[in-house]
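This is the structure, below, for whatever I ask next.
The values are calculated or read from the model by the stated rules, or taken from the named source; none is laboratory data. In this text the structure is predicted, and so the values were computed from the model without any measurement. Neighbour counts run over all protein chains shown; Cβ positions are idealised from the backbone, glycine included.
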Amino acid sequence: MADKSTAERSQGQTNQLKNIKRAYQRERRKRAAGRDEARPEERKEIKEKRSSRPFRPEGPVDVGPVPRTLAAGCIPITGITDGIIHTSDGRHVKIVEVTPVNFLLRSPAEQRNIIYAFVGYLKIAPVKLQIKVLSKKADISGFLENIRRDKEKEADERCRLLQEDYASLIRSVGSREAISRRFFLIFEYETYRSSRNQNENDIVAVLNTAVQTAKKYLSQCGNEVIIPEHDTQACVEVLYHILNRRTSTMKTLSQHMNEVVAWYIRENGEESVENIPVTEFFAPESIDFKHGNYIVMDGVYHTYLFIPSAGYRSRVPAGWLSLLVNAGEGIDIDVFLNKQDKAKSVERIGRRIRLNSSKIKEVSDTNSDYDDLAESIRAGYYLKNGLGSSEDLYYMSILITVTGYSADEVEWRAKEMKKLLNSQDIDTMSCLFKEESAFQSALPLVNLDKNLYQRSKRNLLTSGVASCYPFTSYEMSDRDGILMGVNKANSSLVIVDIFNSEIYKNANMAIMGTTGAGKTFTLQLMALRMRRKGIQVFIIAPDKGHEFARACENIGGSFIQISPASRNCINVMEIRKTDKAASDILDGPMIQHSELASKIQDLHIFFSLLIPDMSHEEKQLLDEALIITYNRKGITHENQSLIDPEQPERYKLMPILGDVHEVLMEKAETKRLANILNRMVHGSASSFNQQTNVDLSNKYVVLDISELSGDLLTVGMFVALDFVWSKAKEDRTVEKAIFIDEVWKLIGAASNEMAAEYVLEIFKIIRGYGGSGVCATQDLTDFFALKDGKYGRGIINNAKTKIILNMENNEAEQIKEVLHLSEAEMMSIVRFERGNGMISTNNNNLTVEFRASQLEKDLITTDRKDLKELRERLERYGKGAMGKRFDDV
């Protein structure tokens, strides 16, 4: 029986196959008969067309230009015009880049405001959105090119060595750990809203309106939508970087495009240039789809993960996507949002609720299906209530691209990514044997594969989508700035160009921290790197001036010590010739003001610091004495009288304090002033009574006033600032920076109000002269003590950028109030280790690990242990050991 049954089944299968074959043959005969039954005129037309076909000779047939790479055919793009991508399925897509904000370090109130603003954008955003986050090794080629240009301009060999050392540091940090991220918002032209026969102008207008809307609403979140001047080129460049991860680090887009054009001319002739497919300009050399668990594109291995519909946590904090955004190098994120029709959604949800309600009645509460049905009903009511209170329903899908330079590396990264998400109770699945579909989905074309969409879509209300706010990884990498260190939150390079007025309202900076936190180290690090860029640097050191001597000597700077025991002198009476060429060109000939009157006005401040109790009568007599002193040198209110007849390019020999003393001694009414001034003429501070004998034209000048005390400190500070300030005001087109260490000694409770006013004036108006004021302080209580904190707060308010290092609890509380920091930020300040700090600028705060090369450490370290090790190296190996470790010498 068994054999018979088997035979019958076999015979039945054979008959079935024969029937299928007969049916197929009948269908073919039917189609052929249909063609034969065509009308006579149609048969005639077909015959004429066949007879009119040209004769095709044997051999190669001209089928158009030979493509440079077959990979170009894998990209479904037919053209790019006006920054709009036209796809092969007839859609039109726009890509805009969005700058992120430092979301995680904001206060809870600020985070809520950002989320609410994002909700506002989602309500009016296009129906379909794709948000793409790219992460890759930071591109340091631009920074290295800037260093190369600076080095060519540098004449001092010691500074050239410093530039080479700095370039090595950039290469080391950039190649090992620095990561850069870019954020893109992608949307398509919505044809269903109007006729499908819209012309190109209508498409451009609609998509540009969507861009402006995004810019308006996202600016309320603190984000900036970047609108490039050449949007088509910018669009091609984005595609080039996405598809050519390896090549784009070695060739610019323009170099790649030139190679493509040259290849087409060589292989297909010059006439083929106009027929080059647009995809050739950004397609990789090759794409390998042969493997089931990864693809290889441009020599880089890509694998894809997605979060399944049931793989999300039920509750997540705002900005939770930062976990994915900051996952590390080679992890790209694509978030797809699809807004659903509200009326249809309400009807569909209601129908599902009713169906599940009827099913649950038939299920026992001990059955496992009961809990699933009950949960589904609760979720349905939650969505229905949300839709009834002005929220929309979205389907969200998340696709994760993992890249590496070998199959093992990409597999390891994918496993680590799964572990990371599993630790947060988020499930992931691989796109196994769906890698090509995943590749097409990850292109910035708002076109998620249908199968992946069905497996990954998660229904969310508007508030749930807003919690996925993705633009959270803030970077501060100004193209022409100086390296500060590495952002600890996302491993990006922190490169600051405080002179860029488009980013920073002013170039001033304040550095704050407890003693030993690294304030002087950070200040000198910035000063050295500014000098490397050719920026004029002045450093005023009211305390521990010897800490600046080593660096100053080794880069060819000018170290000026102002003290009673020093031979160095800056003549406070000197009227210095200033370079007015820039002002004459910019402003034209102006009414000349008396340089003598201006100098005497400054000298009144000097004598007021020296003699605080001067009466009004004595001030008038002093004014007369000063005019007489200059007149005896042939100098009057006429500026022409300043010029030396024998050397027209120079000013006459200026009076010194001793000359003023002689004039004051001539009258009984001014003898008190002369007796007080005598200390600086014939007494212990007579070093002030001489002509200027130091180099004031150096690009790196350190003014050490740390050995002055009491009333001489403010006097010495004025002498230093008077020189620096006059130099800073010379040419408004030249960048310059004035560094003041331990500024609390100049504006603190024990200081003089006039000295504090002078310091505050620098921070208030130096921006107008193209300069920067940078100060460092450790004692915040004293910093805010004078005049109820007027001067300390004035400096903070006029410094756009602040660097906060480690602080004690009471100081951290104080700075929290002044800078409006969050509780989390305040706690991080208390816990900062040496070498770490927070940079606060443009309403963004980020934690930084400051980086210095071994040479820079040797030049500016103040740590006892480092100094001991440096001394041993220098004693054993000489100056050649500077910048090297013992192992390298």
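Got a sec? Which of LYS94, LYS49 is modelled with pLDDT under 85 and not in a loop (DSSP other than H, G, I, E, B)?
Numbers: LYS94 fails: modelled with pLDDT under 85.
Of the residues listed, the single one that is modelled with pLDDT under 85 and not in a loop (DSSP other than H, G, I, E, B) is LYS49.
Answer yes if at least one residue in region 797-810 is under 30 Å from GLU730 (Cα atoms) and either in contact with a Cys (Cβ under 7 Å, 6 or more places away or on another chain) or of a type in the set (Lys, Arg) (or both), and no otherwise. Give the derivation first.
Start the filter on region 797-810 by keeping residues that are under 30 Å from GLU730 (Cα atoms), which leaves 797-803.
Then keep just the ones that are either in contact with a Cys (Cβ under 7 Å, 6 or more places away or on another chain) or of a type in the set (Lys, Arg) (or both); that gives 800, 802.
Yes; the residues of region 797-810 include at least one that is under 30 Å from GLU730 (Cα atoms) and either in contact with a Cys (Cβ under 7 Å, 6 or more places away or on another chain) or of a type in the set (Lys, Arg) (or both).
Quick check on region 138-148. Is at least one of its residues in contact (Cβ under 8 Å) with a residue 40 or more places away in the chain and under 30 Å from ILE398 (Cβ atoms)?
yes
Quick grid of which residues meet (1) under 25 Å from ARG245 (Cβ atoms); (2) of a type outside the set (Phe, Trp, Tyr); (3) in contact (Cβ under 8 Å) with a residue 60 or more places away in the chain; (4) surrounded by 17 or more Cβ atoms within 10 Å (Cβ to Cβ):
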{"site": "VAL96", "(1), (2), (3), (4)": "yes, yes, yes, yes"}
{"site": "PHE103", "(1), (2), (3), (4)": "no, no, yes, yes"}
{"site": "PHE118", "(1), (2), (3), (4)": "no, no, yes, yes"}
{"site": "GLN130", "(1), (2), (3), (4)": "yes, yes, yes, yes"}
{"site": "CYS159", "(1), (2), (3), (4)": "no, yes, yes, yes"}
{"site": "LEU162", "(1), (2), (3), (4)": "no, yes, yes, yes"}
{"site": "VAL173", "(1), (2), (3), (4)": "yes, yes, yes, yes"}
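Now for a different question. What number of residues in region 528-547 are under 23 Å from SER751 (Cα atoms) and either of a type in the set (S, T, N, Q) or in contact with an Asp or Glu (Cβ under 8 Å, 6 or more places away or on another chain) (or both)?
8
Looking only at residues that are among the aliphatic types (A, V, I, L, M) and under 31 Å from the mean Cα position of the chain (by Cα) in region 835-885, which one is nearest to ASP165 (Cα to Cα)? If you could, list the steps in order and put the result at the bottom.
Our first condition is that a residue be among the aliphatic types (A, V, I, L, M); within region 835-885, this holds for 838-839, 846, 848, 852, 855, 859-860, 867, 870, 874, 881-882.
Next cut, under 31 Å from the mean Cα position of the chain (by Cα) only: 838-839, 846, 848, 852, 855, 859-860.
Values: MET838: 25, ILE839: 25, LEU846: 26, VAL848: 21, ALA852: 10, LEU855: 7, LEU859: 12, ILE860: 15 Å.
Restricting to residues being among the aliphatic types (A, V, I, L, M) and under 31 Å from the mean Cα position of the chain (by Cα), the top hit is LEU855.
Hey, can you tell me all the residues within region 422-460 that are among the hydrophobic types (A, V, I, L, M, F, W, C), buried (at least 21 other Cβ atoms within 10 Å of the Cβ) and over 16 Å from GLY292 (Cβ atoms)?
So the first thing to find is which residues in region 422-460 are among the hydrophobic types (A, V, I, L, M, F, W, C), and the list is 426, 429, 431-433, 438-439, 442-443, 445-446, 448, 452, 460.
Going one step further and asking which of them are buried (at least 21 other Cβ atoms within 10 Å of the Cβ), we end up with 431, 438-439, 442-443, 445-446, 448, 452, 460.
Listed by number, the residues that qualify are ALA442, LEU443, LEU445, VAL446, LEU448, LEU460.
Okay, residues lined up against (1) hydroxyl-bearing (Ser, Thr, Tyr); (2) on the phi > 0 side of the Ramachandran plot; (3) more than 34 Å from the chain's Cα centre (by Cα):
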site	(1), (2), (3)
LYS359	no, no, yes
GLU362	no, no, yes
ARG378	no, no, yes
GLY386	no, no, yes
TYR395	yes, no, no
ILE400	no, no, no
THR403	yes, no, no
GLU416	no, no, no
GLN424	no, no, no
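When only residues in region 75-91 that are assigned to a strand (DSSP E or B) and of a type in the set (Val, Ile, Thr) count, which is nearest to ILE503 (Cα to Cα)?
Of the residues in region 75-91, the ones assigned to a strand (DSSP E or B) are 77-81, 84-87.
Going one step further and asking which of them are of a type in the set (Val, Ile, Thr), we end up with 77-78, 80-81, 84-85, 87.
Numbers: ILE77: 36, THR78: 38, ILE80: 31, THR81: 30, ILE84: 28, ILE85: 31, THR87: 36 Å.
Filtering region 75-91 for residues that are assigned to a strand (DSSP E or B) and of a type in the set (Val, Ile, Thr), the one nearest to ILE503 (Cα to Cα) comes out as ILE84.
Being of a type in the set (D, E, K, R) and under 27 Å from GLY142 (Cα atoms) is the filter here, so list the residues in region 251-273 that pass it. Walk me through how you get there before you give the answer.
Taking region 251-273 and keeping what is of a type in the set (D, E, K, R), we get 251, 259, 266-267, 270-271.
Listed by number, the residues that qualify are LYS251, GLU259.
Still on this structure: Could you tell me how many of the residues in region 797-830 are buried (at least 21 other Cβ atoms within 10 Å of the Cβ) and small (Gly, Ala, Ser)?
Final tally of qualifying residues: 3.
I'm trying to understand the selection: among the residues of region 471-488, which are surrounded by fewer than 19 Cβ atoms within 10 Å (Cβ to Cβ) and of a type outside the set (Asp, Glu)?
Correct list: ARG479, LYS488.
Given the conditions (1) surrounded by fewer than 17 Cβ atoms within 10 Å (Cβ to Cβ); (2) acidic (Asp, Glu); (3) in a helix (DSSP H, G or I), and given that GLU229 satisfies all but one, which numbered condition is not satisfied?
Every condition holds for GLU229 apart from (3).
Sort through THR249, THR232, THR209 and tell me the only one that's within 31 Å of the chain's Cα centre (by Cα), closer than 23 Å to HIS302 by Cβ and among the β-branched types (Val, Ile, Thr). Spell out how you get there, then give the answer.
Details: THR232 fails: closer than 23 Å to HIS302 by Cβ; THR209 fails: closer than 23 Å to HIS302 by Cβ.
Just one listed residue meets the conditions, THR249.
Same structure again: Is it the case that SER272 is more than 22 Å from GLU97 (Cα to Cα) and outside the structural domain of ASP334 (by TED's automatic domain parsing)?
Judged against the criteria, SER272 is a match.
Check whether at least one residue in region 880-889 is within 26 Å of ILE114 (Cβ to Cβ), outside any loop (DSSP other than H, G, I, E, B) and either charged (D, E, K, R) or in contact with a His (Cβ under 8 Å, 6 or more places away or on another chain) (or both), and report yes or no. If you could, list the steps in order and put the result at the bottom.
Filtering region 880-889 for residues within 26 Å of ILE114 (Cβ to Cβ) gives none.
No, that holds for no residue.
Kindly establish whether THR861 is buried (at least 17 other Cβ atoms within 10 Å of the Cβ) and under 23 Å from CYS221 (Cα atoms).
Judged against the criteria, THR861 is not a match.
Would you confirm, using the coordinates I've provided, whether ILE829 is out of contact with any Ser or Thr (no Cβ under 6 Å at 6 or more places or on another chain), touching a residue at least 60 places away in the same chain (Cβ under 8 Å) and outside any loop (DSSP other than H, G, I, E, B)?
Values: out of contact with any Ser or Thr (no Cβ under 6 Å at 6 or more places or on another chain): yes; touching a residue at least 60 places away in the same chain (Cβ under 8 Å): no; outside any loop (DSSP other than H, G, I, E, B): yes.
It is false that ILE829 is out of contact with any Ser or Thr (no Cβ under 6 Å at 6 or more places or on another chain), touching a residue at least 60 places away in the same chain (Cβ under 8 Å) and outside any loop (DSSP other than H, G, I, E, B).
Residues are listed down the side, and each one gets a yes or a no for (1) among the basic types (Lys, Arg); (2) assigned to a helix (DSSP H, G or I); (3) under 43 Å from the mean Cα position of the chain (by Cα); (4) under 19 Å from LEU867 (Cα atoms):
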position	(1), (2), (3), (4)
ILE540	no, no, yes, no
ALA549	no, yes, yes, yes
GLU553	no, yes, yes, yes
ASN568	no, no, no, no
THR578	no, no, yes, no
